[in-house]
Amino acid sequence: MSVVRIGAGAGFQGDRLAPAVDLAERGALDYLVFECLGERTIALAQQDRISHPEAGYDPLLARRMRAVLPACHKNGTRIITNMGAANPRGAAKRTAEIARELGLTDLKIAAVTGDDVLDRIGDYILDETGEPASALSERLVSANAYVGIEGLVSALEAGADVVICGRASDPSLFLAPLVHEFGWARDDWARLGRGVLVGHLLECAAQITGGYFADPGVKDVPDLAHVGNPLASVDAEGNATITKLPGTGGQITRATCIEQMLYEIHDPARYLQPDVIADFSGVTFAQTAPDCIAVAGAQGQAASGLLKVSVGYRDGWMGEGQITYAGANCVARGTLAIEVVRARLKPLETRIHEARGELIGLNSVIPGAEPAAGVPEVRMRYAARCQDAEAARCVGEEVEALYLSGPAGGGGARSHHRPVLAIGSTLIPAAEVVATVKMMEAEDEIA
């Protein structure tokens, strides 16, 4: 294959479905990738699986698969996704059921596992706490390593039409098909680095076609309501053209590509990935046609031999309440409401670990902001992280009580409380993490 065409079906769990369907139907793709897994997402999925062993995969998996499988099957497009979350095998089983319902009985579906390292994380020190993970004891919920391409490539080599994994590094979902199709060596650092760049540019879907880029009057983007998802045509050297389907909204320019390349990158010359340390410092972007950007110049060097691990653990309860104040003196009334709630919660201070009162629209993002003259309305929010559910419930109740026992004119109050699932991180030797592939049609596992 001289060129591989890869499309981005999703950039996060709640992403829009229509652009993915459009790519499946009109994109002439070899691969459609759904990147749907965040750090907190997989911890929540692990927590869900504790209560419901058959669950733990992306709740939108069935909807997405039902929407794109017919077109992908017809057009010979293979699907790669991390929608397996905490339960790739359960996700693969559900996908197989959907395929049978659609009459696509010849599909081969693979589940890639091995990223769950909960059973061996105890001695590793968490960056956030400075203590070993074992110190969390029964509060520890999940530990998932960011794995690389090995399991994904094995699944593709086994003939899988749909590959479902859990926690993999985002660019690996795009790098794996390139390694598979072009036969890149695992120490071909330059090509691997270029493949990582392609993955990084595509992984957030509509961010690179103008979604996250748009800033009215500063960076205007056409027809954002119908923004399309990107696709890349990649050659055997790893050089690529980033584009989108004709007739879709948004835009692909040097500026959108540069912003996406720098997104979530600490050091562009050393972007640490499981399979390679990518170097983006010499990357070039050239406009070759409207909405077509040629990408070249990435390099790479040997991987560190360590994998990041995302650790989820229970960290108390969150209680929250909100209420709106509008009209004259609304900022002063909202500020007084915060003071009143804080005072009324004083008897619970030993059960409240941290608390915050803020006025949304004024200082919820930028603390200490001074109010502009004539602010028409504010939304007071008071939230606290508590050691138990009852204390968290009281936080919201005190906000709602402001209707009659607080400043004048409060309205639209609401409250809720929920358990807090915190996220920590550490590093684990890559040698301790081994990917396993299970094909749905076979009982034997492929190492």
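The values are calculated or read from the model by the stated rules, or taken from the named source; none is laboratory data. It should be emphasised that the depicted structure is a prediction, and the values quoted were computed from it without experimental measurement. All Cβ positions, even for glycine, are placed from backbone atoms using ideal geometry, and neighbour counts span all protein chains on display.
Restricting to segment 43-58, name every residue that is out of contact with any Pro (no Cβ under 9 Å at 6 or more places or on another chain) and modelled with pLDDT of 95 or more.
The answer is Asp58, and nothing else.
Could you list, ordered by first residue, the pairs with Cβ atoms under 7 Å in which the first is in segment 99-114 and in contact (Cβ under 8 Å) with a residue 24 or more places away in the chain and buried (at least 18 other Cβ atoms within 10 Å of the Cβ) and the second is among the hydroxyl-bearing types (Ser, Thr, Tyr) and assigned to a strand (DSSP E or B), at least 6 apart or interchain?
Taking only residues 6 or more apart or on different chains, the pairs are Thr113/Thr436; Gly114/Thr436.
Exactly one of these conditions fails for Thr350: (1) of a type in the set (Val, Ile, Thr); (2) surrounded by fewer than 19 Cβ atoms within 10 Å (Cβ to Cβ); (3) in contact with a helix residue (DSSP H, G or I) (Cβ under 7 Å, 6 or more places away or on another chain). Give me its number.
(3)
Has segment 267-287 got at least one residue that is within 17 Å of Glu203 (Cα to Cα), assigned to a loop (DSSP other than H, G, I, E, B) and free of Cβ contacts under 8 Å to residues at least 24 places away in the same chain?
Within segment 267-287 (the criterion being within 17 Å of Glu203 (Cα to Cα), assigned to a loop (DSSP other than H, G, I, E, B) and free of Cβ contacts under 8 Å to residues at least 24 places away in the same chain), the answer is yes, since at least one residue qualifies.
Test each condition in (1) crowded, with 22+ Cβ neighbours inside 10 Å; (2) modelled with pLDDT under 95 for Arg40 and report the one that comes out false.
(1)
I'd like to know if segment 423-441 contains one or more residues that are touching a residue at least 40 places away in the same chain (Cβ under 8 Å), assigned to a loop (DSSP other than H, G, I, E, B) and not hydrophobic (A, V, I, L, M, F, W, C).
Scanning segment 423-441 turns up at least one residue that is touching a residue at least 40 places away in the same chain (Cβ under 8 Å), assigned to a loop (DSSP other than H, G, I, E, B) and not hydrophobic (A, V, I, L, M, F, W, C).
Which of the residues belonging to segment 280-293 are within 26 Å of the chain's Cα centre (by Cα) and not β-branched (Val, Ile, Thr)?
Initially, segment 280-293 is screened for residues within 26 Å of the chain's Cα centre (by Cα), giving 280-281, 283, 285, 291-293.
Phe280, Ser281, Phe285, Asp291, Cys292 - these are the residues of segment 280-293 that are within 26 Å of the chain's Cα centre (by Cα) and not β-branched (Val, Ile, Thr).
So which residues in segment 276-333 are closer than 22 Å to Gly411 by Cα, at pLDDT 95 or above and in contact with a Leu (Cβ under 7 Å, 6 or more places away or on another chain)?
Ile323
Does segment 242-261 include one or more residues that are out of contact with any Phe, Trp or Tyr (no Cβ under 6 Å at 6 or more places or on another chain), more than 13 Å from Ile208 (Cβ to Cβ) and among the β-branched types (Val, Ile, Thr)?
For segment 242-261, residues out of contact with any Phe, Trp or Tyr (no Cβ under 6 Å at 6 or more places or on another chain), more than 13 Å from Ile208 (Cβ to Cβ) and among the β-branched types (Val, Ile, Thr): absent.
Restricting to segment 50-88, and then to whatever is among the basic types (Lys, Arg) and either within 15 Å of the chain's Cα centre (by Cα) or surrounded by fewer than 19 Cβ atoms within 10 Å (Cβ to Cβ) (or both), can you tell me which residue is nearest to Arg314 (Cα to Cα)?
Residues of segment 50-88 among the basic types (Lys, Arg): 63-64, 66, 74, 78.
If we keep only those that are either within 15 Å of the chain's Cα centre (by Cα) or surrounded by fewer than 19 Cβ atoms within 10 Å (Cβ to Cβ) (or both) too, we end up with 63, 66, 74.
Details: Arg63: 30, Arg66: 34, Lys74: 45 Å.
Only one residue tops the list, namely Arg63.
Go through segment 358-392 residue by residue and tally those that are over 15 Å from Gln322 (Cβ atoms) and not in a strand (DSSP E or B). Can you show your working first?
Of the residues in segment 358-392, the ones over 15 Å from Gln322 (Cβ atoms) are 365-376, 385-391.
Subsequent filtering for residues that are not in a strand (DSSP E or B) retains 365-376, 387-391.
Within segment 358-392, residues that are over 15 Å from Gln322 (Cβ atoms) and not in a strand (DSSP E or B) number 17.
Within segment 4-37, which residues are surrounded by fewer than 24 Cβ atoms within 10 Å (Cβ to Cβ) and of a type in the set (Phe, Trp, Tyr)?
Of everything in segment 4-37, just one residue is surrounded by fewer than 24 Cβ atoms within 10 Å (Cβ to Cβ) and of a type in the set (Phe, Trp, Tyr), namely Phe12.
Any idea which residue in segment 101-156 is nearest to Tyr313 (Cα to Cα), counting only those that are among the β-branched types (Val, Ile, Thr) and in contact with a strand residue (DSSP E or B) (Cβ under 6 Å, 6 or more places away or on another chain)? Don't jump to the end; show me each part of the working.
Initially, segment 101-156 is screened for residues among the β-branched types (Val, Ile, Thr), giving 105, 109, 112-113, 117, 121, 125, 129, 141, 147, 149, 153.
Those left that are additionally in contact with a strand residue (DSSP E or B) (Cβ under 6 Å, 6 or more places away or on another chain): 109, 112-113, 117, 121, 125, 141, 147.
Working: Ile109: 32, Val112: 24, Thr113: 21, Val117: 14, Ile121: 13, Ile125: 14, Val141: 5, Val147: 20 Å.
Here the residue is Val141.
Between Ala355, Ala328, which is free of Cβ contacts under 8 Å to residues at least 60 places away in the same chain and part of a loop (DSSP other than H, G, I, E, B)?
Step by step, each of Ala355, Ala328 is checked, and only Ala328 is free of Cβ contacts under 8 Å to residues at least 60 places away in the same chain and part of a loop (DSSP other than H, G, I, E, B).
Which residues, taken from segment 125-146, are part of a helix (DSSP H, G or I) and either of a type outside the set (Asp, Glu) or in the same structural domain as Ile79 (by TED's automatic domain parsing) (or both)?
Ala133, Ser134, Ala135, Leu136, Ser137, Arg139
Which residue out of Arg344, Arg333 is in the same structural domain as Val378 (by TED's automatic domain parsing) and under 18 Å from Glu397 (Cβ atoms)? Steps first, answer last, please.
Values: Arg333 fails: under 18 Å from Glu397 (Cβ atoms).
Of Arg344, Arg333, the one residue that is in the same structural domain as Val378 (by TED's automatic domain parsing) and under 18 Å from Glu397 (Cβ atoms) is Arg344.
Consider Asp315 carefully, then state whether it is free of Cβ contacts under 8 Å to residues at least 24 places away in the same chain and under 23 Å from the mean Cα position of the chain (by Cα).
Working: free of Cβ contacts under 8 Å to residues at least 24 places away in the same chain: no; under 23 Å from the mean Cα position of the chain (by Cα): yes.
Judged against the criteria, Asp315 is not a match.
Taking segment 402-430, which residues are surrounded by 12 or more Cβ atoms within 10 Å (Cβ to Cβ) and on the phi > 0 side of the Ramachandran plot?
If the condition is that a residue be surrounded by 12 or more Cβ atoms within 10 Å (Cβ to Cβ) and on the phi > 0 side of the Ramachandran plot, then Gly409 is the only one that fits.
Across segment 18-49, what is the number of residues that are within 19 Å of the chain's Cα centre (by Cα) and outside any helix (DSSP H, G or I)?
Residues meeting the conditions: 7.
Quick one: Thr105 ticks every box in (1) assigned by TED's automatic domain parsing to the domain that holds Asp170; (2) assigned to a helix (DSSP H, G or I); (3) modelled with pLDDT under 95 bar one, so which box is it?
Result: Thr105 passes all but (2).
Conditions tested, residue by residue: (1) under 30 Å from Ser51 (Cβ atoms); (2) aromatic (Phe, Trp, Tyr).
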| site | (1), (2) |
| --- | --- |
| Leu104 | no, no |
| Ala110 | yes, no |
| Thr113 | yes, no |
| Gly122 | yes, no |
| Leu126 | yes, no |
| Ala135 | yes, no |
| Val141 | yes, no |
| Tyr146 | yes, yes |
| Val153 | no, no |
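Is it true that Thr77 is farther than 15 Å from Ala168 by Cβ, modelled with pLDDT of 95 or more and among the hydroxyl-bearing types (Ser, Thr, Tyr)? Don't jump to the end; show me each part of the working.
Numbers: farther than 15 Å from Ala168 by Cβ: yes; modelled with pLDDT of 95 or more: yes; among the hydroxyl-bearing types (Ser, Thr, Tyr): yes.
Yes, satisfied.
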